[in-house]
1. How many residues are more than 24 Å from ALA95 (Cβ to Cβ), among the polar types (S, T, N, Q) and out of contact with any helix residue (DSSP H, G or I) (no Cβ under 9 Å at 6 or more places or on another chain) if we restrict to segment 130-161?
2. For segment 150-169, how many residues are more than 24 Å from VAL58 (Cα to Cα), of a type outside the set (Ser, Thr, Tyr) and not in a strand (DSSP E or B)?
3. Can you tell me how many residues within segment 29-56 are assigned to a helix (DSSP H, G or I) and over 16 Å from the mean Cα position of the chain (by Cα)?
4. Considering only residues that are among the charged types (D, E, K, R) and surrounded by 12 or more Cβ atoms within 10 Å (Cβ to Cβ), look in segment 1-50 and name the one that is nearest to THR163 (Cα to Cα).
5. Within segment 59-73, can one find any residue that is under 18 Å from ILE151 (Cβ atoms), surrounded by 12 or more Cβ atoms within 10 Å (Cβ to Cβ), touching a residue at least 60 places away in the same chain (Cβ under 8 Å) and of a type in the set (Phe, Trp, Tyr)?
6. Pairs only if they're at least six apart or on different chains, beta carbon under 9 angstrom, first in segment 129-150 and within 16 Å of ARG168 (Cα to Cα) and touching a residue at least 40 places away in the same chain (Cβ under 8 Å), second of a type in the set (Asp, Glu) and surrounded by 14 or more Cβ atoms within 10 Å (Cβ to Cβ); list them, first residue then second.
7. Given the condition within 25 Å of TYR34 (Cβ to Cβ) and either surrounded by 14 or more Cβ atoms within 10 Å (Cβ to Cβ) or not polar (S, T, N, Q) (or both), answer yes or no: does some residue in segment 140-149 qualify?
8. Might you check whether a residue that is closer than 25 Å to LYS86 by Cβ, in contact with a Phe, Trp or Tyr (Cβ under 8 Å, 6 or more places away or on another chain) and either in contact (Cβ under 8 Å) with a residue 40 or more places away in the chain or surrounded by fewer than 18 Cβ atoms within 10 Å (Cβ to Cβ) (or both) occurs anywhere in segment 107-127?
Amino acid sequence: MVCSKNLSEAGICQDCKIWQKQYDQQLLHHHSLYRYNQEFHDLMVQYKRYGDYMLYGVLRELCSKQLMKIDYDFYIPIPSSPEHLKKRGFDTITAIYQELVPLTPLLKKLSGSSAQGEKNKAERLNTPQMFYVDTTYRNQHHIEIHKNNKILLLDDIYTTGRTLYHARDSLLLENPNVTIESFSICR
């Protein structure tokens, strides 16, 4: 109902109930297209762990039609850590979405942030804040976010929601009255 998780009956998933308690009912509405399975896992390992850049085209094709149907003022990709950027040579999320929507890369990820995919559920949920707003980028590009603006956070996989809630929290510090939702290819 809130995060696109596949449930056997209608309602709110256990992850969202946790977020509901932590965020006093301020849940992050999430759009997701596909269910995470072994094939998608294998695809993402090849793309992210082994840096197979050309797979961005497959991922882009999986989401292009649906993403083009939704309209937001700002599309903000979830950034890679500086270490992953250096290792891979490309930002995995930006590569997927950059030709589909106008990206506004306002977020940066702290150095030393380990990948969520390498953690179990408890470790993911307990991950400290890893994002901050890139004020240099914002100022250089004269980006002004107003209270009526709608922001869509873009990611590849939604597992527990920790990454997207941290990203939303960072943006809300400077823009407390905007509408922020999220989108991923898989949930």
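1. Adding up the residues that qualify gives 3.
2. The total comes to 5.
3. 13
4. Only one residue fits best here, namely ASP15.
5. yes
6. GLN129/ASP169; PHE131/ASP169; ILE145/ASP73; ASN149/ASP73; LYS150/ASP73; LYS150/GLU181
7. No, segment 140-149 contains no residue that is within 25 Å of TYR34 (Cβ to Cβ) and either surrounded by 14 or more Cβ atoms within 10 Å (Cβ to Cβ) or not polar (S, T, N, Q) (or both).
8. Among the residues of segment 107-127, at least one is closer than 25 Å to LYS86 by Cβ, in contact with a Phe, Trp or Tyr (Cβ under 8 Å, 6 or more places away or on another chain) and either in contact (Cβ under 8 Å) with a residue 40 or more places away in the chain or surrounded by fewer than 18 Cβ atoms within 10 Å (Cβ to Cβ) (or both), which makes the answer yes.
Values in this text are rule-based calculations from the coordinates and carry no lab data. What you see is a predicted model, and the numbers here were worked out from it, not measured in a lab. Reconstructed Cβ throughout: ideal geometry from the backbone, glycine too, with neighbour counts over all protein chains shown.
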